[in-house]
Amino acid sequence: PPYAGSAADYLQRVWGAKTQIAGLERFTVDGMDAATARVPVRIENRPGEGRLVAIKASGDRFYQFIFAGEPEDTRRFSDAFRRMTYSVRRLSPQEAAQIKPWRIRIHQVRPGESVASLSAGMAVGEFKEDWFRVLNGLGPGDQVRPGQMVKLVGEAG
C-alpha cells in the first residue's frame with residue numbers, strides 16, 4: 001500500500017509491523033532515503049535471519065528487498081548484500097526509454113522443434129534453456145512434443 005513516511009517508518013510500521021525487527025539502520029542510496037533491519041525468519045522449518053531493506057523510490061513508493069538465510073550465511077554474505085543494496089540507482093530518462101518489456105506468448109510446438117530450438121529465440125539473455133524449462137514446468141530431461149502448448153518470452157511489440 002502507498003505510504004508517505006520515511007523508509008525507516010515504512011520498514012517499522014508497514015512492512016515489518018507484524019514481526020520483531022532489530023538493529024534498525026537509516027542510510028541513503030543514490031540520494032534516496034533507505035533503512036534496514038534484521039528480522040527472524042523460518043527456513044525449512046529452522047530458525048533463520050532475514051535482512052529487510054526499504055529504499056524510498058519517490059513519493060509513496062518503495063523498493064523492498066529481503067535477504068534471508070541461516071544466521072551464519074547472512075553474516076557471511078553481508079558484504080554482498082551491502083554491495084547489492086548500494087547498486088540500486090535511479091535510471092535516467094534515456095535509460096528508461098530504452099527498456100523494452102518482455103511478454104509471454106503461447107506457442108504450439110511444431111514437428112522438428114525442440115527445447116533447444118524454442119528456447120534459443122527467447123529474449124531472456126543467459127540460461128535460455130533453463131528459463132524455458134522453468135517457465136513450462138519441464139524437468140532436466142523432459143522434451144516437448146508436436147501439438148504441445150508452451151510459453152515463450154519475447155520482447156513486446
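The values are calculated or read from the model by the stated rules, or taken from the named source; none is laboratory data. Every value quoted in this text rests on a predicted model; they were computed, and no experiment measured them. Cβ placement follows ideal geometry from the backbone for every residue including glycine, while neighbour counts extend to all protein chains displayed. For the accessible areas, the whole protein counts, side chains as well, though only heavy atoms, and no ligand, DNA or RNA atoms are used. Shrake-Rupley method; radii C 1.70, N 1.55, O 1.52, S 1.80 Å.
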Problem set entry | Enumeration of residues in the stretch 84-103 that are within 16 Å of the chain's Cα centre (by Cα) and within 25 Å of residue 14 (Cα to Cα) | 84, 85, 86, 87, 88, 89
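Here is a yes/no grid of residues against (1) over 19 Å from the mean Cα position of the chain (by Cα); (2) modelled with pLDDT under 95; (3) more than 17 Å from residue 102 (Cα to Cα):
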| position | (1), (2), (3) |
| --- | --- |
| 114 | yes, no, yes |
| 122 | yes, yes, no |
| 132 | no, no, no |
| 141 | yes, yes, yes |
| 150 | yes, no, no |
| 156 | yes, yes, no |
Exercise. Looking at the stretch 42-52, which of its residues are more than 18 Å from the chain's Cα centre (by Cα) and either modelled with pLDDT of 90 or more or open to solvent by 50 Å² or more (accessible area, probe 1.4 Å) (or both)?
Worked result: 42, 44, 45, 46, 47, 48, 49
Exercise. Does any residue of the stretch 15-29 turn out to be in contact with a Lys or Arg (Cβ under 6 Å, 6 or more places away or on another chain) and either of a type in the set (Lys, Arg) or part of a helix (DSSP H, G or I) (or both)?
Worked result: no
Problem set entry | Single residue of 12, 64 found to be open to solvent by 40 Å² or more (accessible area, probe 1.4 Å) and more than 18 Å from the chain's Cα centre (by Cα) | 12
Exercise. For residue 57, are the conditions met, namely being of a type outside the set (D, E, K, R), without any contact (Cβ under 8 Å) to a residue 40 or more places away in the chain, within 21 Å of residue 9 (Cα to Cα) and touching a helix residue (DSSP H, G or I) at 6+ places or on another chain (Cβ under 8 Å)?
Worked result: no
Exercise. Hey, among 106, 55, 66, which residue is at pLDDT 95 or above and under 22 Å from residue 25 (Cα atoms)?
Worked result: 55
Exercise. Between residues in the stretch 85-106 that are closer than 30 Å to residue 37 by Cβ and surrounded by 10 or more Cβ atoms within 10 Å (Cβ to Cβ) and residues that are of a type in the set (Asp, Glu) and at pLDDT below 90, which pairs lie under 6 Å by C-beta distance while being six or more apart or on different chains?
Worked result: none
For this session: State all residues of the stretch 125-157 that are in contact with a strand residue (DSSP E or B) (Cβ under 9 Å, 6 or more places away or on another chain), open to solvent by 70 Å² or more (accessible area, probe 1.4 Å) and in a helix (DSSP H, G or I); if no residue qualifies, say none.
Result: 131
Exercise. Does any residue of the stretch 111-124 turn out to be within 30 Å of residue 34 (Cβ to Cβ), in a helix (DSSP H, G or I), out of contact with any Phe, Trp or Tyr (no Cβ under 6 Å at 6 or more places or on another chain) and open to solvent by less than 40 Å² (accessible area, probe 1.4 Å)?
Worked result: no
